[in-house]
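The values are calculated or read from the model by the stated rules, or taken from the named source; none is laboratory data. Values in this document were obtained by computation on a predicted structure and should not be read as measured data. Counting neighbours? That spans all protein chains shown, and the Cβs are built from the backbone with ideal geometry, glycine included.
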Amino acid sequence: MARVEPETNRPLSPHLFIYRWKMTMAMSILHRITGIGLFFGTVFLVWWLAAAAAGPEAFATVAAIFGSPIGLIVLFGYTWALIHHMLGGLRHFVWDFGIGMDAPARDRIALFNLVGSVAITVILWAVVLLLR
């Protein structure tokens, strides 16, 4: 039953502070946030590609910015967002087949999405930095 506002006797719409937080709810919100981050982060990818097409001087400038500590943090975050968003998409793809729809399985898959995205990102960056 919805909460009722005393003065107007109208029901209040449920919101994030009414619901009890669940792992799948948090992953849904995080999936949306990473999607927004990827949308805006693609500007950096376009900047990098445009600099590569513009010539060695422009590319050297972008490479210096992306190679700075702040640039590496941004790239690490973009990589994590990309992997997290991809695993979230795969999670929904699995659910489209009706697999893992019971409560414990949903929570395990959502937890794997979070832990897996961090692990894959760290492994990927470790390999790239070791080969550098």
Residue under question is residue 29, and the condition is that it be of a type in the set (A, V, I, L, M, F, W, C), part of a helix (DSSP H, G or I) and over 13 Å from the mean Cα position of the chain (by Cα); does it hold? no
Looking at the range 57-73, is at least one residue aromatic (Phe, Trp, Tyr) and either in a helix (DSSP H, G or I) or in contact (Cβ under 8 Å) with a residue 60 or more places away in the chain (or both)? yes
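Residue-wise test of (1) free of Cβ contacts under 8 Å to residues at least 60 places away in the same chain; (2) surrounded by 14 or more Cβ atoms within 10 Å (Cβ to Cβ); (3) assigned to a helix (DSSP H, G or I).
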residue	(1), (2), (3)
36	yes, no, yes
40	yes, no, yes
46	yes, no, yes
76	yes, yes, yes
83	yes, yes, yes
91	no, yes, yes
Does residue 98 satisfy the criteria of being over 15 Å from residue 25 (Cα atoms) and modelled with pLDDT of 95 or more? no
For residue 100, the lone unmet condition from (1) exposed (fewer than 14 other Cβ atoms within 10 Å of the Cβ); (2) outside any helix (DSSP H, G or I) is (1)
